[in-house]
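These notes concern the structure reproduced below.
Coordinate-derived values only; no laboratory data. This structure is a prediction, so every number in the text was calculated from the model and none was measured. Counting neighbours? That spans all protein chains shown, and the Cβs are built from the backbone with ideal geometry, glycine included.
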Amino acid sequence: MQLTNRSKQVSNKQMTFAERIYLPAIATGLGITIKHFFQKKVTIQYPEVKKNLGPVFRGRHVLKRDDQGRERCTACGLCAVACPAEAISMVAAERQKGEENLYREEKYAAVYEINMLRCIFCGLCEEACPKQAIYLRHDEFVPVFTERDQVVWGKDLLAENMNNRYLRKAWTKEEAREQDIKGIDAKPRTQL
Amino acid sequence: MTFTIDVAFIIKSIIILVIFGITLLVAMYSTYGERKVAAFMQDRIGPNRAGPFGLLQPLADAVKMFFKEDFIPAQSSKWLFILGPCLSMLTALMTSAVIPFGDSIKYEAAPGKIWDVPVQAIDVNIGILYVFGVVSLGVYGIMVGGWASNNKFSLLGAIRAASQNISYEISMGLAIIAILMMTGSLSIRHIVEQQHGGNWNIFYQPLGFIIFITCAFAECNRTPFDLPECETELIGGYHTEYSSMKLGFYLFAEYINMFVSSAMISSLYFGGYNYPGMDWVQAQLIGSLGEIAGHNVATLIGFLVFFGKSLFFVFFYMWVRWTLPRFRYDQLMNLGWKGLIPLAIVNIILTGGAILFLKPLVMSFLK
């Protein structure tokens, strides 16, 4: 029974003289390696040259704000529940009068912390978020840390900087795939 | 008279030191070259962080080697453990003494009296025997080191090295005999001089060359014959237990051996410092620069040609290493005993026949 069309008939025929003296095969092999010797190298000189990892690469986290600069997070905790590494923790608080320009929803995260040693950058928090508040940036990694107090990132590091907003070409995998198929070079934009 | 002897002595000392230094330098940069060649053949870039193009990488490696902990296993025989890498290094360095790196340097000792100093550490008339003697001593370094480590894998590696070297030395010697029959001399300088111009031995001894280079690969423990240290089976072979500069010596000795055997290949089969049109170049140089300076510049060019040939073969070693996989041990022994030795004997018979019958025939045609 044939399972695939890749099966090959094994042959036990005697090797020819050219095969037995082994040298022609060596010469062919040397030819292949010397061809590679002069080929273009595939190495990317990482710290100096950075490769574009695509519009939906999962790098460091960002807590998005809306266009008026209000935090989108409502501290529902779905990201923390979705997180397989239990890296996210938060403390919710009620929005007071006069804070409407700071927080979009009536409830907000007073403390929002991600443990970068636990995080596995799976992006499930991104998918779980009903408010489109948390994203993994496609253009920045979590920088190397050497001290213990650099491990847990609070809102000071996570919240989006309104002077330098985080833009990207596609905000979902589906969008990225569609752009890819249709060959659209989309403009980077702030939000879905 | 004492004055002239002193100058000759000084020139000789300088030549010896330069040859010694060049051997070490080439071996040092072979490690860099090896990594670069490996990288290039695998479409990578290779070391490029230490200095421009990574040229300081060997220095960084040496510093690393020096500062590593020098560990001697408790169950090893301490003195032999130290002696192993020393022997390896010593024998590797001794071989380069008889290789003619260039023609000769001329200088005027007294008015009208021109001295001729060959660019070679010592010109012994049994150069080839000397090389063979020293090379077969080289296996002691590996054997002693592997045995003294008191480690199964080291011992296995050492045994493999010993039997491999002994097997391949035979066919290597037989391959050389054909050359000796052609030249009638054991002095490497004589052999090189007989290949004057483009009259290289490779054109007369292609089979001998293939046998010789195969054996040279085996003698240097290079891939595809790197069974003594094969990482996948024996961890590191004879140098499993070694660390720090002792390991450095073993690795370094391998690269020196590589360079020396490349130099041997180019002087025995590729004319050493000879190149086509060398007489014309020398005549032109003597015509424009004078008798002494012209000769010395011609020697320098010859030296560079020789160096280029040797470096090509060093590259060839690396090229083959990153092309071929390792032999299995029985394949290695089959190739050595059943393949190369009969072939080398056939080569001797063919050479003998050619000298007896073909040479007079060709000569009579030429007349």
Next on the checklist: Show me, for the range A:77-85, the HN-Hα J-couplings you get by feeding each phi into the Karplus relation (A = 6.51, B = -1.76, C = 1.60, θ = phi - 60°), rounded to Hz, glycine and proline as x.
Outcome noted: x, 5, 5, 5, 5, 6, 5, x, 9
Checklist entry - Cα centroid distance between the range A:170-192 and the range B:55-119, in Å? => result 63 Å
Checklist entry - Cα to Cα, under 14 Å, and not fewer than 8 places away if on the same chain: which aspartates and glutamates meet these conditions relative to A:Lys41? => result B:Asp43
Checklist entry - Within the range A:61-182, how many lysine pairs that are 8 or more places apart, or on different chains, have C-alpha atoms less than 19 Å apart? => result 12
Next on the checklist: Give me a comma-separated list of calculated 3J(HN,Hα) values for the range A:159-164, in order, Karplus coefficients 6.51, -1.76, 1.60 applied at θ = phi - 60°, integers in Hz, x for any Gly or Pro.
Outcome noted: 5, 5, 8, 6, 7, 9
Checklist outcome for this item: Taking placed amide H atoms and a strict 5 Å upper bound, the residues 5 or more places from B:Ile105 or on another chain that come that close are B:Val117, B:Val119
Checklist entry - Quick one: net charge of B:Phe252's neighbours, Cβ under 11 Å, K/R +1, D/E -1? => result -1
Checklist entry - Once you list every other residue whose beta carbon is under 14 Å from the beta carbon of B:Glu108, what net charge do they have if Lys and Arg are +1 and Asp and Glu are -1? => result 0
Next on the checklist: Show me, for the range B:296-306, the HN-Hα J-couplings you get by feeding each phi into the Karplus relation (A = 6.51, B = -1.76, C = 1.60, θ = phi - 60°), rounded to Hz, glycine and proline as x.
Outcome noted: 5, 5, 4, 4, 4, 4, x, 4, 5, 4, 4
Checklist entry - In percent, how large is the relative contact order of chain B, given Cα pairs closer than 8 Å and 6 or more residues apart? => result 23 percent
Next on the checklist: Pairs on different chains or at least eight residues apart, Cα atoms closer than 16 Å: how many lysine pairs in chain B fit?
Outcome noted: 5
Item to check | Ranked packing of A:155-167, B:162-174, B:178-190, most packed first, by mean Cβ within 10 Å | outcome: B:162-174, B:178-190, A:155-167
Checklist entry - Pick from B:Ala27, B:Ala92, B:Ala110: which is most flexible by mean-square fluctuation in a GNM of chain B where alpha carbon atoms under 10 Å apart are linked? => result B:Ala110
Item to check | Cut-off 14 Å between beta-carbons: net charge of the residues surrounding B:Gly84, Lys and Arg +1, Asp and Glu -1 | outcome: -2
